[in-house]
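The values are calculated or read from the model by the stated rules, or taken from the named source; none is laboratory data. On a predicted model such as this, the values are computed, not experimentally measured, just so you know. Here the Cβ is made from the backbone with ideal geometry for all residues, glycine too, and neighbour counts use every protein chain on show. Note: areas computed on protein heavy atoms with side chains; ligands, DNA, RNA excluded. Shrake-Rupley method; radii C 1.70, N 1.55, O 1.52, S 1.80 Å.
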Amino acid sequence: MNFKLAWRNIWRNKKRTWITASSIGFAVFFACVMQSMQLGSYERMIDNSVRFLTGHLGVHQLDYWDEKILDNSFPEETLTELNLGHESIIMGVPRITSFALASYGDKTKGALITGVDLSLEAQFSYLENKLREGVYHTDNGALIGAGLSEYLKLGVGDTLVLLSQGYHGVNAVGKYPVAGVLKFPVPDLDQSAVYLPLGIAQTFFGAEGMITSYSVLLDDPDATEQVQSQLIGDSDVYEAMTWKEMMPDLVQGIELDYYGGLVMVYVLYGVIGFGIFGTFLMMTKERTYEFGILNSIGMKKSRIQRMVAIEILLLSFLGVALGLIAASPIVVYFWANPILLTGETAAAMEKFGYEPIMPFALDPQVFYDQGISILLIALFLGVYPMLAIQQLKIIKALKE
Amino acid sequence: MSVIEAKSVSKIYNPDTIPVHAINDVSLTIEEGEFTAIVGPSGCGKTTLLNMIGGLDSVSEGHISVSGVNIADLNEAALTDFRLKNIGFVFQSYNLIPVLTAKENVEFVMLLQQSHQSAMDERADELLTKMGIKEVSQRRPAELSGGQQQRVAVARALASKPKFILADEPTANLDSHSTESLLDIMAKMNEEEKATFIFSTHDQRVIDKARRIITLEDGRIVSDEKK
C-alpha cells in the first residue's frame, strides 16, 4: 500500500515531479559528461606518455633509473628471463638511449639518441605517424626531429655526424644518412630527437646486444602493479618500474586537475542539492495538512515516513535514470568521436605534446559513481521531510 | 454502556502568558449508539472538545476515557493506534486521500489495521452500497461531488466498525439536498450498525436529526437535552 500510495502521490503533481526529476537528472547528466571528459583526457594523456616514453612498465638494470648512463644498460638476450606471459601484456619494446652531439656542416647540437626496433616501435609508440619527410623503415639511416633538422640545416639524404661517449667510456662516432624527418609536438624533443635502428645505435655506442630499457604495454592499466610483481621475479639485477613511478610529474598533474574537477562537481552537487531540497521543502509544507489527516485517522508517523521515503526514492531513481539515459549517448558519441580542438587551445595542447582533441572515457564507473552520488545526496536531503513528519503536531497540521 | 466519559475537562491555551479557556470544566458521558450534536456559536469550543475526545489534542485539566481507557495515558504511537481501532473521523472538508479511489479510501483504515483483502472488499462494497455510491467506487475524490465525497468519508469512518464517529461540521460544505441525504444515511447507519455519532455543528438540519443536543457557550456546557 505504501508503494501504491507513494507511486500515485508522485504523479499527483506531474509538473513538480518532472521538475524535481529533471534537476536530479541534470546533475547526473552534467556530472557524468564532465567526469567522462576529465577521465578521457587523463586516459589519453597517460596512453600518449606511456606509449612514447616509458610503457606501463619499464624494465631496467637496477641502477639505471637513478643514473641513466649506458654503463647501467643490460644485455637484450636476458629478456628471456622476464616473465612476459601475463595475459595483460600486449607487447614490449627494447630501447637504448643516451646523449650525443649531432653535427652537420658547421653546426652542432646536443641530441637524444634512441635506438629502437623500428617495426615494433611503429606499433608501440606510433613513431611512424610522426614522419613528415623521407622514409620510416631504414636499415642504417637516422630519423631526426624536424626542429633539429631545421637547426642543422640538413634534410633527407644528408649525412648526420654523431659524437658521444659509449659503453664503458669508449669513443662513439658515426655518420648516418638522414632517412626521415619526424615532427614532434614537444619542442624539446623536436629539436633533439635522433632515432636509429636498434642494432645501429648499439654499434654506435659500442654496446652490442645491450639495451637501457624494455618498455611493456598493457591492455589493462589497472593490472600494472600485478604484472610488475610478476615481471622480473626475484631478480636482483633488474627492476620493473610502473609508469607512475617513472612519471611522478604526470601523476601529480593529473591528481591536481582531478581534484580541481572534483571541486567543480561538488559545487554542482551543492547547487543541485539546494534545488532538490527546495522541492522537498515545498512538498513537505504543501502536504502538512494531508499528513495531519493521515495521522489523525490512524496512520502512524513511521508509516507516513515510509510512504514519503518511497516517494523520494522513486523521484530520485527517476531523476538518476533520466540523467543516465541523457548522458549515455552523448558520452558514447564523443568517446567514439572525440571533439577536435582548434586555434589557441589546440596549439597549447600540441605544445605540451598532446593531440588537440577532447576525448571522453567510456567507463561504467563514471555512470555508477555519479548516479550513486546524486542518489545519496537526494536521499540525504530526504531526511528533512522525515524529521518534519516526526515533529508533526496534528492540530497545528490541520490548521495549515 | 458509556463509550466516552469526560470529567472536568478544560483546555487552556497560553497558560503561561494570557490564558484562554477554550473548554472550561466540561463533564459529559456519551452512551453507545447515541446520535449526539454538540452545538453552539463559533468559537464556543465545539471543535476543541471534539479534538480532545478524538485524542487529536491534549487536555489541560481533567481526563477523558474512551471505553475505560484514559487517552492521556497513551503515548503518541499508542494513541494513533487507539484512534485507528476505536474512532472514526469525518471532517468538514472530507479529506479523502486524493490519489485513491472511493473504494480504496474506504478500505484505507482497514488496510492500516491489516485486515484481510477479502474482508476489506466485502466491507467496502457493503458500505458504498448503503451510502448509495457503489457506482462511483472506482472514481477518485476529484471526480466526485461534495456530497459523494462526504459519503465516502462517512463510509471510511465506519469501515473498521469504530466505537464512535466524530464528525466536525460534516455538512458545512454541502448543499441542502446533499445534507439531507447524508443525514439520512448517518441516521440509518446509527440504526443499522449501532454506530455512535457525535457531531459538532451549527446546522439546524443536523440539530433537528440529533437525538441528544449538547450546547456549548464560552467553553462550558449550558444545556444537555435528549429528545
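Overview of results
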read-out: Per-residue average of Cβ from other chains inside 10 Å of A:298-308; value: 4
read-out: Anisotropy class of segment A:314-370 from Cα gyration tensor, a/c 1.5 cut; value: prolate
read-out: Per residue, the convex hull volume that the Cα atoms of segment A:1-85 enclose (Å³); value: 199 Å³
read-out: Dipole magnitude of segment A:63-235 about its Cα centre (Cβ charges: Lys, Arg +1; Asp, Glu -1), debye to nearest 20; value: 1020 debye
read-out: Solvent-accessible area, 1.4 Å probe, carbon plus sulfur percent, for chain B; value: 47 percent
read-out: Viscosity 1.002 mPa s, 20 °C: Kirkwood-radius Stokes-Einstein D of segment A:63-235 over Cα pairs, µm²/s; value: 128 µm²/s
read-out: Exposure of A:D363 as accessible area (Å², to 10), given a probe of 1.4 Å and all protein chains; value: 50 Å²
read-out: Summed side-chain charge close to B:E32 - residues other than B:E32 whose Cβ falls under 15 Å, Lys, Arg +1, Asp, Glu -1; value: 0
read-out: Cα shape, segment B:124-198, gyration tensor, a/c 1.5 rule; value: oblate
read-out: When segment B:1-123 is reduced to its Cα atoms, the Kirkwood hydrodynamic radius in Å; value: 16.4 Å
read-out: Average Cα contact separation per residue, chain A, under 8 Å, 6 or more apart, as relative contact order %; value: 27 percent
read-out: Accessible surface, 1.4 Å probe, highest first, among residues B:T196, A:T108; value: A:T108, B:T196
read-out: Rounded to the nearest 10 Å², the accessible area of A:H168 at probe 1.4 Å; value: 120 Å²
read-out: 25 Å Cα cut-off, lysine pairs counted over segment A:63-235 (separation 8 or more, or different chains); value: 16
read-out: Heavy atoms of A:R303 accessible to a 1.4 Å probe, total area in Å² rounded to 10; value: 50 Å²
read-out: Helix-only CD estimate at 222 nm, as mean residue ellipticity for the protein assembly as shown, using -39500 (n - 2.57) per DSSP H run (n ≥ 4); value: -14500 deg cm²/dmol
read-out: Dimensionless Rg over Rh [segment B:78-202; C-alpha; Kirkwood]; value: 0.93
read-out: Accessible area (Å², per residue) of chain A, counting only protein heavy atoms and a probe of 1.4 Å; value: 48 Å²
read-out: Compactness relative to 2.2 N^0.38 Å, alpha carbon Rg of segment A:54-112; value: 1.51
read-out: Qualifying aspartates and glutamates (Cα of each under 18 Å from Cα of A:K399; at least 8 residues distant if same chain); value: A:E286, A:E290, B:D57, B:D168, B:E169
read-out: Kirkwood hydrodynamic radius (C-alpha pairs) into Stokes-Einstein, chain A, 4 °C and 1.567 mPa s, D in µm²/s; value: 51 µm²/s
read-out: Estimated vicinal HN-Hα couplings, Hz - segment A:153-161 in sequence order (Karplus 6.51, -1.76, 1.60; Gly, Pro = x); value: 6, 10, x, 4, x, 6, 10, 9, 9
read-out: Solvent exposure ordering (accessible area, 1.4 Å, most first) of A:R306, A:R287; value: A:R306, A:R287
read-out: Cα centroid separation, segment A:307-367 to segment B:144-184 (Å); value: 57 Å
read-out: Segment A:285-400 pair-distance distribution - Cα-Cα, 5 Å bins, rounded %; value: 2, 10, 14, 12, 10, 9, 8, 7, 6, 5, 5, 5, 3, 2, 0
read-out: Residue pairs, from the table A:K393/B:K209; A:K301/B:K130; B:K46/B:K194; A:K300/B:K209; B:K7/B:K188; B:K46/B:K163, whose Cα atoms sit over 26 Å apart; value: A:K393/B:K209; A:K301/B:K130; A:K300/B:K209; B:K7/B:K188
read-out: Heavy-atom SASA rank of A:W11, A:W243 (probe 1.4 Å, accessible area, largest first); value: A:W11, A:W243
read-out: With 10 Å bins from 0: P(r) over segment B:2-226, alpha-carbon pairs, percent; value: 8, 34, 36, 19, 4, 0
